[in-house]
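Shown next, in structure tokens, is the structure this report addresses.
The values are calculated or read from the model by the stated rules, or taken from the named source; none is laboratory data. Bear in mind the structure is a predicted one, so any value in this text is a computation, not a measurement. Glycine gets a Cβ as well: all are built from the backbone with ideal geometry, and neighbour counts include every protein chain shown. Just the protein is used for accessible areas: all its heavy atoms, side chains included, with ligands, DNA and RNA removed. Shrake-Rupley method; radii C 1.70, N 1.55, O 1.52, S 1.80 Å.
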Amino acid sequence: MLDNKENIKTSISELGEFGLIEHLTKNFKLKNKTSVRGVGDDAAVISCSDEEQLVVTTDLLVEGVHFDLSFMPLKHLGYKAVMVNLSDVYAMNAEASQITVSIAVSNRFSVEDLEDLYKGIETASKIYDVDVIGGDTTSSKTGLLISITAIGRCKKEELVYRSGANENDLLVVSGDVGAAYLGMQILNRENQVFQVNPNAQPDLDSYTYLIERQLKPEARKDIPKLLRDLELTPTSMIDISDGLSSEIMHLCKQSNVGCNLYEDKIPLDPQVISTCEELNLDSTTIALSGGEDYELLFTIKAGDFDKIKGNPNLTVIGHMTDKNEGAHLITRGNTKIPLIARGWDAIQE
Ligand code: ADP
Ligand code: MG
């Protein structure tokens, strides 16, 4: 109940996801000296020695909400569930070292199904060099739930929070954005065709990158390493799970700055451009609101630009401004429009 004396229930949608988290956790103050950072960043931070700190992050994936097993093979789901968590570790500029895996399973699933799920987890933990150190197993009446917790470590002075951006810092993104969302659109479309005509042979050649980004995303383990090699510590960082726009707003809010994002700088794969044309979608809207890209978004001091100049993995897409200027998209036509954090539901309107 939100401060009302009468017994009126508040709907969760009035607060939204982030408002709800803030509301539920606002009374929790950190009591222990070792709790360096609690709720509010990509991962919590715990001190473990004078030099090093641990980061901890957890994510829950629910069947029917986060994944659809009619086109998501269980092996891929296991792999993706690990990626989603490692991405939050890398977003702190940390190295991931351990994960725990918890599952709730309905009787619809066989042992072989769960072996597939765990094959994906095993592959991910090998490639990303993390140890599976525990978890929990229970039954479910509503399909499959998978929750992974990832633990990482980082030198104290190299940790990067969402809150460190300053006015005039450059806004940088790794890789490209928007493809994972379009991958889901294509898979949904093919799934509908399949329901009507199970013999239809889908021709997915023009969408291979999009589908791979949706079904087998890779967390950017290489970026914290690259930044270390370049002797560059970002001033703030976040991973892109919900869409560029929403993540930029998080950096702005927590760093107390505004932002100018340039539409013509947003990195898009050619398949994103061609598929947006085909589906009559605006590629900028997809990049801003699409989500699930698991790229890293960070800010650097303007003076560090030379260190990343020409790097094919990194694109400068804007700069931070005074808080009072707000967060804006500067369009190709040079119009300034306020950024709004729209979820991907908004794209379908
Ligand atoms: P991300 O998208 O990076 O995974 P989230 O948006 O899920 O981050 O969460 C934002 C912050 O809120 C994180 O610090 C997370 O640990 C915290 N958080 C999310 N849900 C809860 C909850 N139910 N109780 C306490 N903290 C939560
Ligand atoms: Mg995150």
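A compact table of results
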{"read-out": "Surface per residue (accessible, 1.4 Å probe) for the stretch 170-338, Å²", "value": "44"}
{"read-out": "Cleavage-rule hits (GluC sites (Glu not before Pro)) in the stretch 8-77: DSSP loop, at most 15 neighbouring Cβ within 10 angstrom", "value": "51"}
{"read-out": "Exposed trypsin sites (Lys or Arg not before Pro) absent: longest stretch of the chain, with sites in DSSP loops and at most 11 other Cβ within 10 Å deemed exposed", "value": "142-308"}
{"read-out": "The stretch 28-41 - phi-based ³J(HN,Hα) in whole Hz, Karplus 6.51/-1.76/1.60, Gly and Pro as x", "value": "7, 9, 6, 9, 8, 4, 6, 7, 7, 9, x, 5, x, 10"}
{"read-out": "Whole-Hz couplings from phi, Karplus 6.51/-1.76/1.60, listed for the stretch 287-297; x for Gly and Pro", "value": "5, 6, 10, x, x, 6, 7, 6, 8, 9, 10"}
{"read-out": "Sum of side-chain charges, residue 52 neighbourhood, beta-carbon under 13 Å (Lys, Arg +1; Asp, Glu -1)", "value": "-2"}
{"read-out": "Percent RCO, i.e. relative contact order, over the chain, from Cα pairs under 8 Å lying at least 6 residues apart", "value": "20"}
{"read-out": "DSSP-loop chymotrypsin sites (Phe, Trp or Tyr not before Pro) across the stretch 13-76, with at most 11 other Cβ within 10 angstrom", "value": "28"}
{"read-out": "Listed peptides 97-106, 275-284, 129-138, 174-183 by packing density, highest first (mean Cβ within 10 Å)", "value": "174-183, 97-106, 275-284, 129-138"}
{"read-out": "Protein accessible area in the stretch 170-338, 1.4 Å probe - carbon and sulfur %", "value": "49"}
{"read-out": "Sum of side-chain charges, residue 330 neighbourhood, beta-carbon under 10 Å (Lys, Arg +1; Asp, Glu -1)", "value": "+1"}
{"read-out": "At least 18 Å along the helix axis (C-alpha) and Kyte average at least -0.5, DSSP helices within the chain", "value": "74-90, 111-127, 179-196"}
{"read-out": "Column: log10 I(q)/I(0), Debye, Cα scatterers of the chain, q = 0.08, 0.10, 0.12, 0.16 Å⁻¹", "value": "-0.41, -0.65, -0.94, -1.58"}
{"read-out": "Relative frequency of Cα-Cα separations exceeding 28 Å in the stretch 170-338, percent", "value": "26"}
{"read-out": "Approximate shape of the stretch 12-158 as ellipsoid semi-axes (Cα gyration tensor, √5λ), whole Å, largest first", "value": "29, 21, 12"}
{"read-out": "Surface accessible to a 1.4 Å probe, per residue, for the residues of the stretch 1-123, Å²", "value": "57"}
{"read-out": "Helix-only CD estimate at 222 nm, as mean residue ellipticity for the chain, using -39500 (n - 2.57) per DSSP H run (n ≥ 4)", "value": "-9500 deg cm²/dmol"}
{"read-out": "Calculated from backbone phi, Karplus (6.51, -1.76, 1.60) coupling profile of the stretch 51-61 in Hz, x at Gly/Pro", "value": "8, 10, 10, 9, 10, 9, 9, 9, 9, 10, 10"}
